Amino acid sequence: MNPKYSFIVSYSPDKGDECYIVQCREFPSILTHGDTPWEALDEMKIVMPMVIGSCKEDGTPLPQPIYFSF
């Protein structure tokens, strides 16, 4: 199974942050950050396989992907 999860990319202008944040909609507690949107997404590409692997090891069901529909 290779789920297609969705992500939200936003900018955090807070003093000290001033970076891009990526959040997985299906795993709302998972956030990554980077100086550019692409860096933040690259970090998410590293984190998501670890999260999915951990869920599978623990027997935790994976959330269903949220799909955009017209």
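Computed on the chain, with alpha-carbon pairs under 8 angstrom and 6+ residues apart, the relative contact order is 26 percent. Note on Phe70 and Asp42: their simple-model spin labels are 3.5 nm apart, each label 7 Å out from Cα toward Cβ. Derived scalar couplings between HN and Hα for region 42-47 equal 4, 5, 5, 4, 7, 6 Hz in order, rounded to whole Hz, by the Karplus curve 6.51 cos²θ - 1.76 cosθ + 1.60 (θ = phi - 60°), x for Gly and Pro.
Local charge sum around Pro63 (other residues, Cβ-Cβ under 11 Å, Lys/Arg +1, Asp/Glu -1)?
0
Rolling a 1.4 Å probe over the protein heavy atoms leaves Asp42 with an accessible area of roughly 80 Å².
Solvent-accessible area assigned to carbon and sulfur over the chain amounts to 57 percent, based on a 1.4 Å probe.
Annotation: aspartates and glutamates with alpha-carbon distance below 17 angstrom to Lys45 (same-chain offsets under eight excluded): Glu26, Asp35. Heavy-atom accessible surface of the chain, averaged per residue, reaches 74 Å², computed with a 1.4 Å probe.
Projected label points at Leu62 and Asp14, each 7 Å from Cα along the beta carbon direction, are separated by 3.1 nanometres. Full extension of the chain between Ile21 and Cys55 gives 10.0 nm of extra length, using 0.36 nm per residue less the Cα-Cα distance.
The values are calculated or read from the model by the stated rules, or taken from the named source; none is laboratory data. Model, not experiment: these values are computed from the prediction. As a convention, Cβ positions derive from the backbone with ideal geometry for all residues, glycine included, and neighbour counts pool all protein chains shown. Just the protein is used for accessible areas: all its heavy atoms, side chains included, with ligands, DNA and RNA removed. Shrake-Rupley method; radii C 1.70, N 1.55, O 1.52, S 1.80 Å.
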